[in-house]
Amino acid sequence: MNHRAIHGTILGAALLAGFVGVWKLQEKVDTERTTLQMENDELALRSPAVMKRLSLEYAPLMGAIYWTRAVQYFGGKHQAHEQNLDQLWPILDIATTLDPNLIVAYHFGATFLSDAPPRGAGEPDQAVMLLERGIKANPEHWRFYQDLGNVYYFDKKDYLKASQAFEAGGRLPGTPAFMKIMAAKIAAEGESLETSFALWMDLYQTATNKDVRKNAEDHLRLVKMEMELRALNQIADAYERKTKQRATRISDLAQAGLLSGQPLDPEGSPYVLGHLGRAEPNPKSPLREEWMKEKKR
Amino acid sequence: MTQGAIEIENLSKEYPYGFLNLKKKMSLEGLTMRVEDGEVFGFLGPNGAGKSTTIKLLMRLIFPSAGTARILGKSIDDVSMHGSIGYLPEQPYFYDYLTAHEMLDYFARFHGLTANDRSARVAVMLKKVGLDTAKKIQLRKYSKGMLQRVGLAQAILHDPQVVVLDEPMSGLDPLGRREVRDIILELKREGRTVLFSTHVLSDAEMLCDRVGVIVGGKLRGMGAPGELLDMKAQGMEILFELSGVPGNLPLLTKATRTGERYRAQLPETELYEALDALKAASARILLVTQIKPTLEEYFMHLVEADRAQASAVEVSGK
Amino acid sequence: MRNVQTVAANTFREAVRDRVLYNLVFFALLMMGAAILVGQISIGIERDVIVSLGLTAISVIGIFIAIFLGVALVSREMDKRTLYALLAKPVKRWEFLLGKFFGLVMTLTVNTAAMAAGLYIALWSVNHALLKSDTYVLVAVYLILLKLALIVALALLFSCFTTPFLAILFTAGMYVAGLLAGDLRTVHGVELDPGTLRLMRGISYLLPNFENFNVMGAVVHGRGVSAAIAWQATLYAILYIAIVLMGAAVVFSRRNLK
């Protein structure tokens, strides 16, 4: 019998068994290390300046790596349903310092630094800081003005600054008319559902980053719901004028011939009339929680 | 049939080379030979002929493409057999951070000697190769000849029955060569089998019971050195000094001159006549030697004989 | 086993005579400088700075030694042909390889232990006391040592079948890839087709997961490390090293020496 073949088979089997063992063990290690991982989120180096010097001439590459880390960090937090995004700023800070032309990182930061938890870090000031740096490094990139306007409009509720940002962007060559229209609209009306819808819609249609696009989509859904609730309330008001009493359920409105059928929110749950007969999302609707938060702000 | 100390059967080695190792070069082709117990066997051949390849195959430093070999009746794959063989690599090089004493002690450990045995053996060996005064010096400070001697010491350290030496005399000065020759002769007296390779004919003539001649990876001849290498002298060479103005010696026309020294070659038949003439001219005769063919010439002769035979066969076949 | 021991002892002797341990002088100077500097700045995180700098230095210096020594000590024996005389002795090739491995691990253990002692001296000089949390530093050092042993095994494997230069490159590459292996399993924010994802997962388990030996983040901030992490990492290192050395032995036993 071939001595060598037997030898080879035994060795092959041993190696295979070894790798299976390594695999199984690694799964155990991964679970055990999750305790460590959470504590481990900190960046080893928090100083962008030091980081840049350490990167030598490879700063753009390091910037790209840090950008990847930002996406991973955000994705990881998102998947774990964690709201604490306090590392997002340092990572983006380092990424954009290493590579000031990392456009996507500014866009990403504008959305998720500024947006309120659980969607973002709820730090609009950091978003403004990041965008101003982005504009300084990339003055021809008019979309940063749009992002800046969005931050002022949605999160800082500073409509004057928001309008100014859109206007400044609108003056750059090659900007679509959209920017000038938004500048005028916000200057005249402040916040309105129509403006919010238009802003999110543009972001949704133009965003290249899928997280940013998904976020815009979610917001669009919420704004659309707000618009539908507003319409329902108007109908309820009409009902009250007609019957001299406030409707307590949506079916009252339908019975009075003001509404045909039961309207559904974007997630498919029927709207209800709540406290004081005001329209609101169904308690079972997945959109309700965020709607309540939005109300409190 | 009795068992030889080393038995080689059809041993071949191919070396891959070139791009992606796609080409193959035969560096040893179907070698079959025996070395008898207690004999000193010389492995002769020009550089690159396959001597070292054969020895490395025997020491399992490289693995054969085909064929087998046995040493002391055991397959060369059997590592335990290495307890009774000694090996000196070509141009040996050892851990240069060790002293000769440390190195021999290190190697001795692999032979399972007790601490007492080790230090005794190492001391004997160092004395035998004449290094006992230099045993505390790191090998990095050793000359080539000293390294060769340490190498010899480690090869015979454990009292092996078979000793394999790859070019043991190369790079040594005349004194060193003589010492190595003495050691080989002593090994023979002690009844050990010695296989050594060389490209120097005189070494083989002086030491070997038998020699094998290998050229281009093939064994071309085997036998006692006398019968194999008894080539006719191709003439004589005289080295002499002649001061003052030389007369009209006929020999001078054939001589090359360096200062007062002359070197001349002539047929053996004219030797005595020439010596008489030199004596008459009061020249001082320094050296008279036989001119022997170099090993390369001998090998060329072998190869040509081979070719001639091959074409003769071809002609007769027609 | 006696042959393995003999080769290991000689390997250690070679490393010492090659002045490998001189790196300790550099480490000592670094720790001294850091301790003095940190004492001057005094910003409330002296301990953290000393621990992170010390552990980083132990790890980085160790990795350099492991890679370069691991590759050099085997390929040098082949290049200079010191191996020829040795293999003509009754020594199996795997015994030689295993001896080299243990000799190198011995060297790294002595080196790492000395650096750890230096780190503790620096810690003491900064705090004038040793805290309970400082014992975790020892756990971190132990895990670094496991990592170094695994790197040495890889270096031996690669130097068994390629040139020293490529062996160094492969070992370093394997280390970096192994560090990032965990990320291959947990990619977020990129969409990939399931096939690619499965392949990446598979690769991530087969690569040596060097992140398993990293507890620096926790230890620097004085937090504890569970016993499970330590023993699982130990088991992982032993298993992986066994695989690598087995592979190396197979390759090396069939190799033709030039």
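The values are calculated or read from the model by the stated rules, or taken from the named source; none is laboratory data. Remember, predicted model here, so these are calculated numbers, not experimental data. Cβ sites come from the backbone with ideal geometry, for glycine too, and all protein chains shown count toward neighbours.
Just one of the listed residues (A:Leu273, A:Leu193, A:Leu264, A:Leu259) is among the hydrophobic types (A, V, I, L, M, F, W, C) and assigned by TED's automatic domain parsing to the domain that holds A:Ala70, and it is A:Leu193. Within the stretch C:15-24, none of the residues are touching a Phe, Trp or Tyr at 6+ places or on another chain (Cβ under 8 Å) and aliphatic (A, V, I, L, M).
Tell me, which residue of the stretch A:245-295 that is acidic (Asp, Glu) and part of a helix (DSSP H, G or I) is nearest to A:Arg221 (Cα to Cα)? Taking the candidates together, the pick is A:Glu290. Among residues of the stretch C:216-231 being surrounded by fewer than 20 Cβ atoms within 10 Å (Cβ to Cβ), more than 8 Å from chain A (Cβ to nearest Cβ) and in contact with a Phe, Trp or Tyr (Cβ under 9 Å, 6 or more places away or on another chain), the one that is farthest from A:Glu32 (Cα to Cα) is C:Gly222. Of all residues in the stretch A:18-38 being closer than 26 Å to C:Val219 by Cα and surrounded by fewer than 13 Cβ atoms within 10 Å (Cβ to Cβ), which is modelled with the highest pLDDT? Looking at the filtered set, the residue picked out is A:Glu27.
Looking at C:Val152, is it surrounded by fewer than 24 Cβ atoms within 10 Å (Cβ to Cβ), away from chain A (no Cβ under 14 Å) and hydrophobic (A, V, I, L, M, F, W, C)? Here the answer is no, as C:Val152 does not meet what is asked. The residues of the stretch A:85-95 that are without any contact (Cβ under 8 Å) to a residue 40 or more places away in the chain and surrounded by 23 or more Cβ atoms within 10 Å (Cβ to Cβ), listed by number, are A:Leu92, A:Ala95.
Out of all the residues in the stretch C:95-112, is one or more over 30 Å from C:Trp124 (Cα atoms), within 14 Å of chain B (Cβ to nearest Cβ), among the polar types (S, T, N, Q) and within 21 Å of the chain's Cα centre (by Cα)? Within the stretch C:95-112 (the criterion being over 30 Å from C:Trp124 (Cα atoms), within 14 Å of chain B (Cβ to nearest Cβ), among the polar types (S, T, N, Q) and within 21 Å of the chain's Cα centre (by Cα)), the answer is no, since none of the residues qualifies. In summary, C:Leu197 fulfils each of the numbered conditions (1) of a type in the set (A, V, I, L, M); (2) in contact with a helix residue (DSSP H, G or I) (Cβ under 7 Å, 6 or more places away or on another chain); (3) surrounded by fewer than 19 Cβ atoms within 10 Å (Cβ to Cβ) with the single exception of condition (2). Applying the condition of being surrounded by 13 or more Cβ atoms within 10 Å (Cβ to Cβ) and at pLDDT below 80 to the stretch B:278-295 and asking which residue is nearest to B:Pro267 (Cα to Cα) yields B:Ile291. Taking into account only those residues within the stretch C:69-89 that are hydrophobic (A, V, I, L, M, F, W, C) and facing chain B (nearest Cβ under 9 Å), which is nearest to C:Tyr22 (Cα to Cα)? Applying the filter and picking the extreme gives C:Leu83. Taking the criterion of being touching a residue at least 12 places away in the same chain (Cβ under 8 Å) and among the charged types (D, E, K, R), the residues of the stretch B:139-154 that qualify are B:Arg140, B:Lys144, B:Arg149.
Condition check: surrounded by fewer than 21 Cβ atoms within 10 Å (Cβ to Cβ), hydrophobic (A, V, I, L, M, F, W, C) and part of a helix (DSSP H, G or I). Does C:Ala129 satisfy that? Considered against the rule, which asks whether it is surrounded by fewer than 21 Cβ atoms within 10 Å (Cβ to Cβ), hydrophobic (A, V, I, L, M, F, W, C) and part of a helix (DSSP H, G or I), C:Ala129 comes out as no. Every condition in (1) free of Cβ contacts under 8 Å to residues at least 24 places away in the same chain; (2) small (Gly, Ala, Ser); (3) buried (at least 16 other Cβ atoms within 10 Å of the Cβ); (4) over 30 Å from A:Arg143 (Cα atoms) holds for A:Ala236 except the one numbered (1).
For the stretch C:232-258, the set of residues classified as among the small types (Gly, Ala, Ser) and within 8 Å of chain A (Cβ to nearest Cβ) consists of C:Ala233, C:Ala242, C:Gly247, listed by residue number.
A count restricted to the stretch C:155-167 and to residues that are of a type in the set (Ser, Thr, Tyr) and buried (at least 24 other Cβ atoms within 10 Å of the Cβ) stands at 1.
For the stretch A:22-37, give me each residue that is polar (S, T, N, Q) and either more than 7 Å from every other protein chain (Cβ to nearest Cβ) or touching a Ser or Thr at 6+ places or on another chain (Cβ under 6 Å) (or both). If the condition is that a residue be polar (S, T, N, Q) and either more than 7 Å from every other protein chain (Cβ to nearest Cβ) or touching a Ser or Thr at 6+ places or on another chain (Cβ under 6 Å) (or both), then A:Thr31, A:Thr34, A:Gln37 are the ones that fit.
Counting only strands (runs of 3 or more DSSP E) that sit completely within the stretch B:23-105, those holding 3 or more residues that are surrounded by fewer than 23 Cβ atoms within 10 Å (Cβ to Cβ) and more than 14 Å from chain C (Cβ to nearest Cβ) correspond to B:23-35, B:66-71. When we screen B:Lys74, B:Lys135, B:Lys144, B:Lys128 for residues that are charged (D, E, K, R) and touching a Gly at 6+ places or on another chain (Cβ under 8 Å), the only hit is B:Lys144. When C:Phe26 is tested against (1) buried (at least 17 other Cβ atoms within 10 Å of the Cβ); (2) within 22 Å of C:Met106 (Cβ to Cβ); (3) away from chain B (no Cβ under 14 Å), just one condition goes unmet, and that condition is (1). Quick check on the stretch B:27-40. Is at least one of its residues out of contact with any Ser or Thr (no Cβ under 9 Å at 6 or more places or on another chain), over 13 Å from B:Gly212 (Cβ atoms) and without any contact (Cβ under 8 Å) to a residue 40 or more places away in the chain? No, the conditions are met nowhere in the stretch B:27-40. Looking only at residues of the stretch A:113-144 that are farther than 24 Å from A:Arg171 by Cα and touching a Gly at 6+ places or on another chain (Cβ under 8 Å), we find that the one that is surrounded by the fewest Cβ atoms within 10 Å (Cβ to Cβ) is A:Ala116.
Just name the residue that is nearest to C:Lys92 (Cα to Cα) out of those in the stretch B:106-122 that are in a loop (DSSP other than H, G, I, E, B) and within 11 Å of chain C (Cβ to nearest Cβ). In this case the residue turns out to be B:Phe110.
For C:Ala181, are the conditions met, namely being in a helix (DSSP H, G or I), in contact (Cβ under 8 Å) with a residue 60 or more places away in the chain and within 14 Å of chain A (Cβ to nearest Cβ)?
The answer is no for C:Ala181.
Listed conditions (1) touching a Leu at 6+ places or on another chain (Cβ under 8 Å); (2) hydrophobic (A, V, I, L, M, F, W, C); (3) not assigned by TED's automatic domain parsing to the domain that holds A:Phe154 are all met by A:Met201, apart from (3).
Residues of the stretch B:5-22 that are in contact with a Ser or Thr (Cβ under 9 Å, 6 or more places away or on another chain) and either assigned to a loop (DSSP other than H, G, I, E, B) or charged (D, E, K, R) (or both): B:Ala5, B:Glu7, B:Glu9, B:Lys13, B:Glu14. Looking across C:Leu69, C:Leu29, C:Leu73, C:Leu83, one residue alone is part of a helix (DSSP H, G or I) and out of contact with any helix residue (DSSP H, G or I) (no Cβ under 9 Å at 6 or more places or on another chain). It is C:Leu29. Within the stretch A:129-142, the residues that satisfy the criterion of being charged (D, E, K, R) and under 20 Å from A:Leu88 (Cβ atoms) are A:Glu132, A:Arg133.
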